[in-house]
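**Q** The structure follows.
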């Protein structure tokens, strides 16, 4: 049982509702009785009440309400305070119910039940106050909001039954309400004693207000908020998050409301104290910036201390001697990027071990503390809005590094902006009131902490899983650019702040067992140093005063968090000293600043020094630096990262891939993602990418490069504008890619039209192109053999052949009808259509009763013509297809009875004669009984590749119903559904009459296709396309070849749209193949008379059609880009 079920076992919901209503009724009756008694006593009214114009009746109401409050809160307040203290002493998680335990103690159950009883009394009292507000005993919208808010809070607590400590803490505030009610009552009654009691009650109320409402309830709310934001796993997963969030919001706002009221209480007490002391005014304390910082750090110290206790509780066996010591720089074996494992993810599982999560938790908490302090301390300063986004972006960067993913400034800002979209309203509130001294600082501090914690939690969850990480980066890339970066004046500030904080968070100085407040103090000291110009001048003066390379290297290491100092130190090394001295310690600088742990800002600053000393680096270090540069290019081009990172990384790659001494670096550069990134960088205008790309394509094996390259890469180069600095490189790169996309021979396993031998098969079986309908073909050609008998002229005399072909769309019904016409008349279908001996009528054009005149002609006695009479008169042996017959008007069925019956005739209104229709062949196609056919065991077995009778798995291509026994059962089931009136609605009412069903010669269900049959059909479609292309000069008379993967690619389209049958497959195949071939001819890739070998693009994330050009030895390499014309529809098998 969950929490509510356990609790409701002791206290039912009905009992709770009855108790609340009963308490409200008791309070209402009690108040009315007291009011009547006060009206009879008529106490004297004080001067203060008279000056306000209080009426006698209103005085009676006010005194009655105060007496009810005094008697109620005298019991309710102390009892709730006792329960709240008892909850705290019990040691359970903040504000949570003991019913979370598997076996709660009896004392805890009793405490929870008493909390519920007190809550019922409290909620009933609020309900009574709400009722009497409606009766005008009280006025003011503030009181109404107060009653509604606390009534909702009471309801939520009674409904959730898991926040007992929070509820009792809120109700304990009623202790002070007793003295407030005494004060309000006695100040309206005349008399010195009443005045003295009123003053004493006000004083006690002020003390209890501050002690219970502000401090005690504030402690309860703070503890609850800490659990809510930092330890959400302690909350039961099966509670309603909507209700829990509402309770959290209402009770937190309730305490904020007490803070607002505290100003009135304190001011009143202050005025009374000043009057008693006889002083006109006292010095008002105005907190300065330093005092405010001290207060903020004191609050955050308590927060971090609680955080340390929680962290140590999760690591009970951790000793101080086991703590990780800070490291200066990175060792070769620990630098992830420098050992060829740049950005690699250890595993595809989501989440990490406990130590990694603790490290991320420390990063998140530290960033939240820094953001809260920065936003609060700088609330009234201009330009402070650049600090918090930089802090949150640095937190994203540090969390991503824990999962082996490198993000630069632009990417981290985009992710933090995307994840922070849920906090827009909160951010607007903080900006709106941030200018208010003290209050604005406090509110901005709290909101920044909450926002940063929420963004960090979401980032930790999404970055931990590779699939979710890619989705997050893709969504963040589609968001609008960050406003902070868009403002030119703040871009450099964001860059500086981001580097300071990211360098600190990603270093070993922040550990799960370090002090969050100490870490925040250290990083804030660095931020302040950058913010103050005088500090920057002092640091830069140290660089100017350095006289030897060792001092400059030491400054670079010590002040690596300060970009200006770091850049100045490295620049001074190159300018002041010769090459040998400037590069003495370049290995340690490369380990520290050109590593996966460093952010993009420091990489951009240190790259010129790395290139200056490239020859001094050992070969393993050069190889590691080049690998890291490759990863940086891939990451920077994914989302358009920081502008300074990409060109520097390309410069490193350009230096590292030189033919002299750089060939050994090429072996790990064959990743398709990296080569794609180089091409994207070239599109963005980076000329160095062209040189690097040419070197890599030339150094990789041709087979490996051609697997990645595709026609789209050649087209990207064609569409590319002139790239400054790459004018001579681009034509050579274009030629290299074109050469790699051209093959001398067909790859092994490639299929051609000759391999499927479609033409040879069609001579033996005219229905060979009709795949997947073997049983229907048997009934047409063998037994009973309707087509065979009709061709020989021995069909049942005097009766036309009427066949109903029904089934899902795209299963070959129209193709079967056309093939029947060819077999019966022995002529090609194009000739039969031209002569009129084959005619297809779309019956959806005859939905209305008036449409009969067009089809049959006018009634007897009226001159005119009709489509069917004209056709039968001219061609008595015509094959007539009534397509989608069920969509015609139901009266068409009665009109066709005379046509389909024995010695059926068609009346011709033009001549006034009846023409016999016995030699005509009528084929009715329909989608009726489609659901029955799809769900029948024959179709299911066929789709799963199993035998109908035994349900055993069959080899690929084997017939699941060889003797058509299952097909016979399906025919009976379809005939039964057509005959069953309830199964036929008004739209499908064509076969409702038994007479029309009796005129049908046979009903032939058409089945869906098996995977093997779909692939067989796809091969036929490709062969037809190849035949059309080879005969068309506009398509260079090319022939097609294809890999088995292409067949499976198009066959999978049938799975996506099975309702459309093979029609959708053939339509999509024609569109993609023709578009691809046209683009390849325009790009100059496919020569005239060549073979276009279709394949799948292996470098694409999603399956995409691509091709290779295969030249014939005897054919000239002449392109056919000129004279490209439209191609008619290929003579492929019909869409059905």
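Laboratory data are not the source of any read-out in this text; all were calculated from the coordinates shown. Only a predicted model underlies this, so the values are computations on that prediction, with no experimental measurement involved. Backbone-built Cβ (ideal geometry, glycine too); neighbour counts: all protein chains shown.
**Q** Compute the distance in nm between two label points, each set 7 Å from the Cα along the Cα-to-Cβ direction, one at residue 951 and one at residue 145.
**A** 6.7
**Q** Here's something else I'd like to know. Where does each of 181-191, 112-122 land if you order them by average Cβ count within 10 Å, highest first?
**A** Packing order, densest peptide first, comes out as 112-122, 181-191.
**Q** Between residue 14 and residue 192, how high is the FRET efficiency from 1/(1 + (r/R0)^6) when r is the Cβ-Cβ distance and R₀ = 30 Å? Nearest 0.05.
**A** Result of the calculation: an efficiency of 0.05.
**Q** Ranked by Cβ crowding within 10 angstrom, fewest neighbours first, how are 226, 260 ordered?
**A** 260, 226
**Q** At what distance in nm do the modelled label points of residue 253 and residue 727 sit from each other, each positioned 7 Å from its Cα along Cα→Cβ?
**A** My value for the distance between the label points is 6.7 nm.
**Q** Sticking with this one: What's the percent breakdown of Cα-Cα distances in the range 772-1005 across 10 Å bins, shortest bin first?
**A** 7, 30, 35, 19, 6, 2, 0
**Q** When 192, 813, 654 are ordered from fewest to most other Cβ atoms inside 10 Å of their Cβ, what list results?
**A** 192, 654, 813
**Q** Also, I was wondering about something else. Which order do the peptides 1088-1098, 387-397 take when ranked by the mean count of other beta-carbon atoms within 10 Å per residue, highest first?
**A** The peptides rank, most packed first, as 387-397, 1088-1098.
**Q** Which ordering of 567, 631, 174, 993 is given by a fewest-first count of other beta-carbon atoms within 10 Å?
**A** 993, 567, 631, 174
**Q** Taking the highest mean first, how do the peptides 785-797, 1049-1061 order by number of other beta carbon atoms within 10 angstrom per residue?
**A** Going from most to least packed, we get 1049-1061, 785-797.
**Q** Hey, another quick one. With r defined as the distance between the Cβ atoms of residue 931 and residue 1032 and R0 fixed at 41 Å, what FRET efficiency is calculated, to the nearest 0.05?
**A** Using R0 = 41 Å, I get an efficiency of 0.45.
**Q** Where the convex hull is taken over the Cα atoms of the range 1034-1086, what is its projected area averaged over directions, in nm²?
**A** 4.1
**Q** Report the FRET efficiency, 1/(1 + (r/R0)^6), for residue 57 and residue 468, where r is their Cβ-Cβ distance and R0 is 56 Å, rounded to 0.05.
**A** 0.25
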